[in-house]
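The values are calculated or read from the model by the stated rules, or taken from the named source; none is laboratory data. Computed from a predicted model, the values in this text were never measured in an experiment. Neighbour counts are summed over all protein chains in view; Cβ atoms, including those assigned to glycine, are modelled from backbone coordinates with ideal geometry.
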Amino acid sequence: MADLSIENAGLLVLDKAAGVTSHDMVSTTRKAFGTRRVGHAGTLDPMATGVLVLGVERATKLLGLLSLTTKSYAATIRLGASTDTDDAEGETIETVDASEVTDEQIAAGIADLTGDISQLPARISAIKVDGKRAHALARAGEDFELKARPVTVSRFDVVDTRRTAGFVDLDVEVDCSSGTYIRSLARDLGSALGVGGHLTALRRTAVGPFTLEHARTVDEVVAEPGLSMGIDDAAKLCFPLREISDDEAESISQGRWLETVGRKGIYTVVDPSGQAIALVQEKGRRASSVMVVRPANLR
């Protein structure tokens, strides 16, 4: 477990269990750590398991700056049935015998859903429509429309195929951009094949640089509260690094700015001892702090 010396601030990577919400995980972690300052980066549906990144104490601010733009999943898609939620938690709205669908047809359908695609999110997604979550509107029976969005599916591989009772179950692995809905891939694959489809299992295996290898179960956290990594290590793992002098570190830790070096995006500045001092972004002639990782009173 990580060193808790900097205000117990850092990231906790959970392996979320099925049947609980992401907010449930936040609530349990707050009790375990004895603090209200816990937040999560990206939600997981109750039926989904796997990597959920939480920020504790000052690291909650870090969550909004993390470049968690890539995600990986292991999932099971059932061809031959459509549901009103595009997953197994919904009501079945149509069943079509999928036994005649060939492996070649499945491969062609998956190829069409790989790469840069336009995807219509599921109606029970967390996307906001006029200030309200789509899933809340859907469950209230309200009529609304969602717009298709560009997403990138960089890998969509079938690792196992099972055929039984008119259904085809596909175990798949997917690497994709943030904002991609795996249940929408299941729906769209089934639709393209003319038999319908929905998601029956979903496990997130990675979010950005965080994988299941970093993850702890909530039972482990309750039994022994501790971070996966401190805020210092998280800042160095998640952003490019720039080495600075002790004088520069003192300056930026007190809210002043540094000279620019021509870098784009947010990066972490580290002092000669290797400690992360701040997250910095260059604008004009100044490299200004967007978050001080190690304030002057903690150096």
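What the table below lists for this structure:
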{"item": "Test: residue in segment 21-30 that is closer than 25 Å to LEU199 by Cβ, in contact with a Pro (Cβ under 6 Å, 6 or more places away or on another chain), not aromatic (Phe, Trp, Tyr) and not assigned by TED's automatic domain parsing to the domain that holds VAL174", "result": "yes"}
{"item": "Options ALA201, ALA192, ALA223; residue that is surrounded by fewer than 17 Cβ atoms within 10 Å (Cβ to Cβ) and within 24 Å of ALA81 (Cα to Cα)", "result": "ALA192"}
{"item": "Residues within segment 56-93 that are part of a strand (DSSP E or B) and within 19 Å of the chain's Cα centre (by Cα), tallied", "result": "9"}
{"item": "Among (1) surrounded by 17 or more Cβ atoms within 10 Å (Cβ to Cβ); (2) of a type in the set (A, V, I, L, M); (3) at pLDDT 95 or above, the one test that VAL158 misses", "result": "(1)"}
{"item": "Residues being of a type in the set (A, V, I, L, M), farther than 18 Å from GLU104 by Cβ and without any contact (Cβ under 8 Å) to a residue 60 or more places away in the chain - total across segment 155-214", "result": "1"}
{"item": "Number of the exception - ALA75 against (1) in contact (Cβ under 8 Å) with a residue 24 or more places away in the chain; (2) outside the structural domain of GLY196 (by TED's automatic domain parsing); (3) small (Gly, Ala, Ser)", "result": "(2)"}
{"item": "Any hit, segment 211-219, residues being over 26 Å from THR70 (Cα atoms) and either in contact with an Asp or Glu (Cβ under 9 Å, 6 or more places away or on another chain) or loosely packed, with under 14 Cβ neighbours inside 10 Å (or both)", "result": "yes"}
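For (1) surrounded by 17 or more Cβ atoms within 10 Å (Cβ to Cβ); (2) at pLDDT below 95, each residue gets a yes or a no:
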position: GLU57; (1), (2): yes, yes
position: LEU66; (1), (2): yes, yes
position: ASP84; (1), (2): no, yes
position: GLY109; (1), (2): yes, no
